[in-house]
Amino acid sequence: MKQFQYVRPANQQGVLAAIAQPGTKIIAGGSNLVDLMKHGVMAPDKLVDINKLPLRNISGISNGLHIGALALNSQVAEDQQVKTKFPLLSQALTAGASAQLRNMATVGGNMMQRTRCPYFYDTAMPCNKRAPGTGCGAKEGFNRMHAIFGFSDKCIAVHPSDMCIALAALDATVLIQGRKGTRHLKFTDFHRLPGTTPELDNNLAKDELITGVEIPNNNFAQHSYYLKVRDRASYAFALISVAAALDIQNGIIKDARLAMGGVAHKPWRLTTAEQLLKGKPATVATFEQAAQTAMQGAKAFKDNAFKLQMAPASITEALTHAAGLV
Amino acid sequence: MKQQELLNIPPLTEGIDRVDGRLKVTGAAKYAAEFEVPGMTYAVFANSTITKGTIKTIDTKAAERAPGVLAVFTYLNAPKVPGYQTGGDPSKPPSGGGPLKLFVDNTVKYNGQPVAMVIADSFERATYAASLVKAEYTKEPHQTDTSKVLDKAATPKGPRFADYKRGTPDDWQSVPVKLEAEYVVPIDVHNPMELSAIIAHWTADDKLTVYDKTQGVKSTQNAIAQAFKLPPDNVQVTAKFVGGAFGNALRTWPHEIAAVMAAKQVKRPVKLVLTRDMQFYTVGYRPYTWQKINIGATADGKLTNLVHEARAQTSSFEEFTEGTVNMTRFMYACPNVGTIYKITPVDVNTPTWMRGPGEATGAFALECAIDELADKLNMDPIELRVRNHADTDPENGKPFSTKYLKEAYQMGADKIGWQNRKSKPRSVQEDGWLIGYGMGSGVFGAGRGRATVKATMQSDGVLLLQTSVTDIGVGTGTAMTQIASEVFTGIPVSKIKFELGDSSLPPSPTQGGSMITSTVGGAVHDACVALKEKFQQLIGNGGTDKPDYIQVLKDKNIPQLDVTITSSGNSEMRNFSSYSYSVHFVQVKVHPKTGVVRINKVVSVADSGHIVSPKTARSQVIGGAIGGIGMALMEEGVIDHRFGRYVNADLANYHVPVHADIPHIEALFVNKPDYKVNPMGAKGMGEIALIGMSAAVANAVYNATGKRVRELPITPDKLLG
Ligand SMILES: Cc1cc2nc3c(=O)[nH]c(=O)nc-3n(C[C@H](O)[C@H](O)[C@H](O)COP(=O)(O)OP(=O)(O)OC[C@H]3O[C@@H](n4cnc5c(N)ncnc54)[C@H](O)[C@@H]3O)c2cc1C
Ligand code: SF4
């Protein structure tokens, strides 16, 4: 690891001033960044530790819940308000990583975590995301974990987060602080597709800070389910994950939210399938139909063709659980 | 009546607690990398990023100028290791060829091969400096994909690997039931918790102390002594604790010799701890092996023909071989048997033994094939095995010293509830999951080697036992203490001290091949018996069997009494075939939509003679079962063959089971002594705990789903559709 400087500003102003300088990088829990630094994938000159900022709170707001960017993954997962109002988020968080990691990982860090594509991690391999122009190692290589939606010629990586899949389904908003002021982004607009700039994971500018996320109230708490299909029972990234939330009244689906993980460069909201579900009876047949709709446009590579089958099966399964049919 | 009574099995005693348990859980146990020596320096490698070719240029200037750097070694400036030049190979190759010699020339034989070694005053600085080494290569075409060169496989030299034929195995004309199936076990990489580590400290020009992660301090001592042309006594090797080894520390690897060389050159102690990803490229792995099984049987399930062929990978510079097909020769009573074993070189680092070495690979194929035959015959798989039970060793006609395999089948079947298994696959469903049962058996040779133990009764009444054996986590110290306490009845366990893991102690063999309980245990037993006799002689006639040793020493005015005994198996053993057996039972559930497999229940039964240390034996069985589950469901080292590099060289992507994958594991023991092997009647169980487990899982998955996965690991994607 290259030698670097480390600062821990006392307030937000200090952080914003520090990250405006070139070569700096925010560090929160460090569980992703330090790993990447050890692998030589990221090599900042200066780390800006934001842990002194008062961004750890989870608090009710008029139309929902505010979660600070430094709230720990374990803290959010165990929070009573989260568990009651948005159990989907709690489930998604506990499906991620391990207890030790969740005790370090923050909400902001989780959103900013980088892909787990092995070519991205190995500096001896080609990777357009790590070293633009070197080529995509995964496209013709080992791509079992890779995307089936929204990929580009330049990059076929997936976003590895579980938390973000739930937040995308729950219509969350990202609160961002820059030196010129505050801005809000829809969670689904936060992460990017790779296009011609796979080096960019999201739409946060280098000199901006995530301060929190907000989740609006909804009627999904009764009927939500996070399904994570993986190679082992815990401590593995998703082959496919599905965040399913339903508002069911008298057996009829009034409203639905669906997002998938492990399939794209960003949390993949399934809006067409959501539309299809609305007004339909909450039955397995309906769910299968929605799953088929959701798969339109999917395309697989050498090693991940199984996702074309696993993904719709998982959508059906998650919806069936959400509806309480199993 | 309970099974236990039915078989007249003596109940297991509780057994003593792990003698070093407290040291381990409090962190007081010191592993190789944890030792500190004044003036320590740290070694980090820069590794090849090409798979085959030569180094054109290597620029170490920036690395040399980096902060804290003492030296950078490459083939251009590394001092010659004297033992390398004479052809005396410092670490014995497993079979043929020779181990890689680091920094002797500019050739690159596999990706990840060290091309430079940085020595600095901290690990972090050495790591950074290593990243500054810039090499340019002349690339040559490479091949790392064993599946592409199976046709190039050849029979290794030596009688052990020659094709085996009994009767007319290839005569298929008149066989009523035939089965042919191919199986693949991928690369399984050694990933014990403790990384490979060595501290080399030259205390004089011709003397050194080494703290090493090794399964054998004596073999490491000899390897280093040979490489540096020193008398073995000048090399002191210590390995008091080993954090899991499973075979990866059976050899002295080239990087260890390099650390010793560097320490000599920089005249300071050098610590070298491999990183996790380096571990993949350095300390071996279970080799990729393709296998084919052909079975012929009568309609009522008598085996008539059995042919087992295996083709495995090795490196381009060394022949690695193991006993993959051997079990097929004697496991079942079958008149016509053939085995073929071949290896094929690819451009990778050399494979090595991994728990239950070749036998675990072979048992996956054989025990799945037997299950497939049972299915074909519509016969219970246990019934099929019992019908073909070998009462005497069909390979050599000898009687078995002991064999309670049928009892083991029964014990396991009762415990798991085998009667609930439906022979028709995919017929049980619970809560939306498919349920299946499977079993598989394992076998491994049980012998006894030579070991020397010194037993001392000290004036404070402490019985001190000393030998150089290592404890790679299995609980050797505990088992030896238990054995001694059974000879010296009356001495509390707390007064027995077993000292191990140091090359200056009396010699014991390397810990491996499930031999230590028998070999070292036998010597501990014999030394204790001899010491007791010595006391009796001292006391003279009329002494009690349990004298007050402290008083006797005081009365006779001697500070202590000791004996040093070398012992090994007796010649009678040669008239028998001796094996340990295991039978594994599992119940799995498989999700019909997502293909996810979960293990619900495991019962593993060991027929390994008298169980001398029940607690650590149970841990062995549990650990072996977990290793087998990993092998069955998740372990696979994946190489991108275009580059010849691993794409999952870390613990996030190379999956081993986590707690959530493992249900309660029931360990059962037949616990009947085999006194032909050693005076305790104990046989080894480290390997059989794993051998056969992956077949049991695969067979259970088949029973649950009707899908036969013949290529491990059985990941969810293979069970879809
Ligand atoms: C072995 C392993 C397994 C894992 N498994 C899973 C899994 O199954 N599912 C899953 O979802 N995740 C998993 N993770 C990832 C884990 O969730 C992330 O590492 C964690 O969420 C990152 O949070 P952090 O606070 O530690 O971030 P850091 O490592 O501190 O930072 C990560 C990035 O975020 C930036 N950043 C942090 N906070 C802010 C902020 N407020 N504003 C702007 N930028 C910021 C940093 O600059 C950095 O680039 C796993 C991680 C490991 C190591
Ligand atoms: S998929 Fe993306 S991250 Fe992976 S190698 Fe290609 S460009 Fe790099």
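The values are calculated or read from the model by the stated rules, or taken from the named source; none is laboratory data. This one's a predicted model, so the numbers in the text were calculated from it and none came from an experiment. A quick note on method: Cβ atoms are made from the backbone with ideal geometry, for glycine too, and the neighbour counts reach across all protein chains shown. Side chains are part of the model used for accessible areas, which takes the heavy atoms of the whole protein and leaves out ligands, DNA and RNA. Shrake-Rupley method; radii C 1.70, N 1.55, O 1.52, S 1.80 Å.
Counting only protein heavy atoms and a 1.4 Å probe, chain B has 37 square angstrom of accessible area per residue. Counts of other chain beta carbons within 10 angstrom of each beta carbon in peptide A:1-9 average 2. Other protein chain C-beta atoms within 10 Å of residue C-beta, averaged over A:131-138: 1.
Shape of chain A from the C-alpha gyration tensor: oblate (a/c of 1.5 or more and a/b not above b/c, with a ≥ b ≥ c the square roots of its eigenvalues). Within the protein assembly as shown, DSSP assigns beta bridges of which about 80% are antiparallel (rounded to the nearest 5).
Atom-type composition of the exposed protein surface of region B:354-475 places 42 percent of the accessible area on carbon and sulfur (1.4 angstrom probe). Taking B:707, B:264 and ordering them by how much accessible surface each has at a 1.4 Å probe, largest first, produces B:264, B:707.
Taking amide H atoms as placed 1.01 Å from N in the peptide plane, the amide H of residue A:72 has no partner under 5 Å among residues 5 or more positions away or on other chains. Where both bridge residues fall in region B:134-258, DSSP classifies roughly 60% of the beta bridges as antiparallel. Note on A:225-235: average number of Cβ atoms from other chains within 10 Å of each residue's Cβ is 6. With all protein chains in place and ligands, DNA and RNA left out, the 1.4 Å accessible area ranks B:347, A:45 as A:45, B:347, largest first. Proximity of backbone amide H atoms, modeled 1.01 Å from N, is registered between residue A:230 and A:239 at under 5 Å, excluding neighbours fewer than 5 places apart on the same chain.
In chain B, the DSSP-assigned H stretches of four residues or longer account for a calculated mean residue ellipticity at 222 nm of -7500 deg cm²/dmol, using -39500 (n - 2.57) per stretch and the full residue count as denominator. In region A:98-130, burial by the other protein chains removes 20 Å² or more of 1.4 Å probe accessible surface, compared with the chain on its own, from A:116, A:118, A:119, A:122, A:124, A:125, A:126.
Here is the list for region B:126-192: chymotrypsin sites (Phe, Trp or Tyr not before Pro) lying in DSSP coil, each with at most 15 other C-beta atoms within 10 angstrom of its C-beta, are B:172. Does region A:16-119 come out rounded, prolate or oblate, given a ≥ b ≥ c as the square roots of the eigenvalues of its C-alpha gyration tensor, rounded meaning a/c under 1.5 and, failing that, prolate meaning a/b above b/c? Here region A:16-119 falls in the oblate category. In this rough spin-label picture, where each label sits 7 Å from Cα along the Cβ direction, the residue B:558-residue B:22 distance is 3.2 nm. At R0 = 56 Å, how high is the FRET efficiency between residue B:462 and residue B:204 if r is their beta carbon distance? Nearest 0.05 is fine. The calculated FRET efficiency here is 0.95. Exposed loop GluC sites (Glu not before Pro) only (DSSP loop, at most 15 other Cβ atoms within 10 Å): please give the longest stretch of chain A free of them, not including the sites. Answer from the scan: A:1-139.
Within the full protein context, the accessible area of residue B:316 is estimated at about 60 Å² for a probe radius of 1.4 Å. Springs between Cα atoms under 10 Å define the GNM used for chain A, and in it the highest mean-square fluctuation of A:68, A:29, A:60 occurs at A:60. Computed from phi, the 3J(HN,Hα) profile of region B:312-324 under the Karplus parametrisation 6.51, -1.76, 1.60 (θ = phi - 60°) reads 10, 8, 9, 8, 6, 10, 8, 8, 9, 9, 8, x, 4 Hz, with x in place of Gly and Pro. Of the trypsin sites (Lys or Arg not before Pro) found in region B:142-246, those that fall in a DSSP loop while having at most 12 other beta-carbon atoms within 10 Å are B:157. Is any residue of region B:43-76 close enough, with backbone N under 19 Å, to a label point placed 7 angstrom from the Cα of residue A:3 along the Cα-Cβ axis, and if so, which? In region B:43-76, the label zone of residue A:3 (backbone N under 19 Å from the point 7 Å along Cα→Cβ) covers B:43-44, B:61-72. For residue B:97, the residues 5 or more places off, or on other chains, whose built amide H falls under 5 Å of its own are B:319. If you take the square roots of the eigenvalues of the alpha-carbon gyration tensor of chain B and sort them as a ≥ b ≥ c, do you get rounded (a/c under 1.5), prolate (a/b over b/c) or oblate? The shape class here is oblate.
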